[in-house]
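The values are calculated or read from the model by the stated rules, or taken from the named source; none is laboratory data. Keep in mind that this is a model prediction, so the values were computed, not measured. For neighbour counting, all protein chains shown are included, and Cβ atoms are generated from backbone atoms with ideal geometry for every residue, glycine included.
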Protein chains: 2
Amino acid sequence: MPRKINLTEKIGQLRAFYEQEGRAPSYAEMAELFGYRSKNAVYGPVQKLLEYGYMEKSRNGRLVLTTKVTGSIKLLGTVQAGFPSPAEEELADTINLDEFLVARPEATYLLTVSGDSMIDAGIHPGDIVLVEKGGVPKKNDIVIAQVDGEWTMKYFGKDRTGVYLDPANANYSRIRPERSLAIGGIVKAVVRKY
Amino acid sequence: MPRKINLTEKIGQLRAFYEQEGRAPSYAEMAELFGYRSKNAVYGPVQKLLEYGYMEKSRNGRLVLTTKVTGSIKLLGTVQAGFPSPAEEELADTINLDEFLVARPEATYLLTVSGDSMIDAGIHPGDIVLVEKGGVPKKNDIVIAQVDGEWTMKYFGKDRTGVYLDPANANYSRIRPERSLAIGGIVKAVVRKY
DNA sequence: CTTGAAACTGTACGTTCGTTCAGTTATATA
DNA sequence: TATATAACTGAACGAACGTACAGTTTCAAG
């Protein structure tokens, strides 16, 4: 039987290297990083890392680290089921919030929320919304819209009469555009920072 | 007077390269990317890009792109003031949500919220919270805590009697740990994806 | 038009890159 | 203990790398 190679440890070392250098190590650097005396020795582990999606090969043969290594947030397997104990450490992939939240980077921008018209949807003043331009809004999507010249954030809706916009706040009421309606984008995510 | 070089265009080209290759281009690749016939010609622009923080030099002389290029969300200058028109395009740096939200990557993990005990704070079931371990909670911080053996998310508080935990839901009431209290972490951000 | 400064070209050099190959070492199973 | 298998070493190769330098082109100010 072949010897066992500890991938988890190497992933941690790659993570440390990336945090310092901002790039993937070369084969020679990996040899040093992993404690080999020959850079040829890393070909095995690299093959495994490629297979499991921790790195990819760029067009010129150079290696590139993926989100599973470069992401900044640990993804704990037990998160969903219960709360992980603070003692629980080690391994686990990392995730990148951008890739998680942003589908079309070139069409996405941020807005800081002002006003409380969507507060019953859990969107508070000061929150940040990720808005994606160019899509076609469906019923109950939250949209950024310019109604009769004024920008607002509302639930999108449509019926026989036409398009309407609903607030998520009992103090405001449904809006029906009289002259013009422009959709600035669809709200894809809300972020609140404490 | 020297000729003017268009940095904005080059940043866009770098962004496109990074999106495809997942790494920074070499000097030769930059020459091709920017339309120069000599890779020496890129030294000027690179100097500017370094100066303005769009790239950095790694230890071995290789270039590394920064968040301003690799980030996935456009940062529009006019966001705060009004809503940007969908037509508005071009330039502007990009931002990376991870760097924006996560201060200590090695101590941060994600939790999916279950239950409605924090709903009045705009934290709904299914939302994702970023939890940072190891800090000392202050009054009104939202914490993940294990009280008498059970994990909950609550507002943290302290008075003469000791530590207490407040829900953000009128249907629940203040909790005072009777036997044990363990702080699993402090909630640093809330993310909701639609 | 003249001129000077910067942008740009083309070439060269030593280093590091990814890759290959022959040979050695280590270890789990028989 | 013997042995097969994979891990690992060390050396070699052409290609690509970052850097340096001398020379040419470009363009705006005088």
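Got a number for residues in the stretch B:27-57 being near DNA strand C (Cβ under 10 Å from one of its atoms) and either assigned to a helix (DSSP H, G or I) or within 14 Å of chain A (Cβ to nearest Cβ) (or both)?
The first filter runs over the stretch B:27-57 and keeps only residues near DNA strand C (Cβ under 10 Å from one of its atoms), leaving B:27-28, B:31, B:34-45, B:47-48.
Adding the requirement that they be either assigned to a helix (DSSP H, G or I) or within 14 Å of chain A (Cβ to nearest Cβ) (or both) leaves B:27-28, B:31, B:34, B:39-45, B:47-48.
Count: 13.
Go through the stretch B:29-55 and give me each residue that's surrounded by 15 or more Cβ atoms within 10 Å (Cβ to Cβ), more than 10 Å from DNA strand D (Cβ to nearest atom) and not hydroxyl-bearing (Ser, Thr, Tyr). Listed by number, the residues that qualify are B:33, B:34, B:45, B:49, B:55. Does any residue of the stretch A:1-23 turn out to be away from DNA strand D (no atom under 11 Å from the Cβ), under 23 Å from residue B:102 (Cβ atoms) and in a loop (DSSP other than H, G, I, E, B)? For the stretch A:1-23, residues away from DNA strand D (no atom under 11 Å from the Cβ), under 23 Å from residue B:102 (Cβ atoms) and in a loop (DSSP other than H, G, I, E, B): present.
Could you tell me whether the stretch A:157-166 includes any residue that is more than 9 Å from chain B (Cβ to nearest Cβ), within 24 Å of residue B:121 (Cβ to Cβ) and in contact (Cβ under 8 Å) with a residue 12 or more places away in the chain? Yes - at least one qualifying residue is present in the stretch A:157-166. Taking the criterion of being under 27 Å from the mean Cα position of the chain (by Cα), of a type outside the set (Lys, Arg) and at the interface with another protein chain (Cβ under 9 Å from one of its Cβ atoms), the residues of the stretch A:9-26 that qualify are A:19, A:20, A:21, A:22, A:24. Only residues that are in a loop (DSSP other than H, G, I, E, B), at pLDDT 80 or above and among the aromatic types (Phe, Trp, Tyr) were counted in the stretch B:83-114, giving 0.
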